[in-house]
Amino acid sequence: MVKPMIPTSGPTTSGIAHLGGRNYDYTQRYSPDEPGKEADENARVWNVYLDEAGDYDMDMIKGFQDIIDSLLVF
């Protein structure tokens, strides 16, 4: 299975971040917000944002680790 890739400006070895194995539908994972409360502090949008940011951060850390590993070899 080929992982989808997106271009990034982060420190990955190939300039591409892998989206990883995350495969979920946020509409099923998080309950819908009540009308008028879509921007509250506990709204679904913030939970989805935190999930996406966490995945992106893990990709960035993986990129840093790959760079450091290759620098330690030389």
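Ala17 fails exactly one of the following numbered conditions: (1) modelled with pLDDT of 70 or more; (2) in a strand (DSSP E or B). What is the number of that condition?
Answer for Ala17: the failing condition is (1).
Restricting the first residue to region 35-53 and requiring it to be modelled with pLDDT of 95 or more, which pairs with a second residue that is surrounded by fewer than 13 Cβ atoms within 10 Å (Cβ to Cβ) meet a Cβ separation below 9 Å and a spacing of at least six or different chains?
Taking only residues 6 or more apart or on different chains, not a single pair turns up.
The values are calculated or read from the model by the stated rules, or taken from the named source; none is laboratory data. Values in this document were obtained by computation on a predicted structure and should not be read as measured data. Cβ: placed from backbone, ideal geometry, glycine included. Neighbour counts: every protein chain shown.
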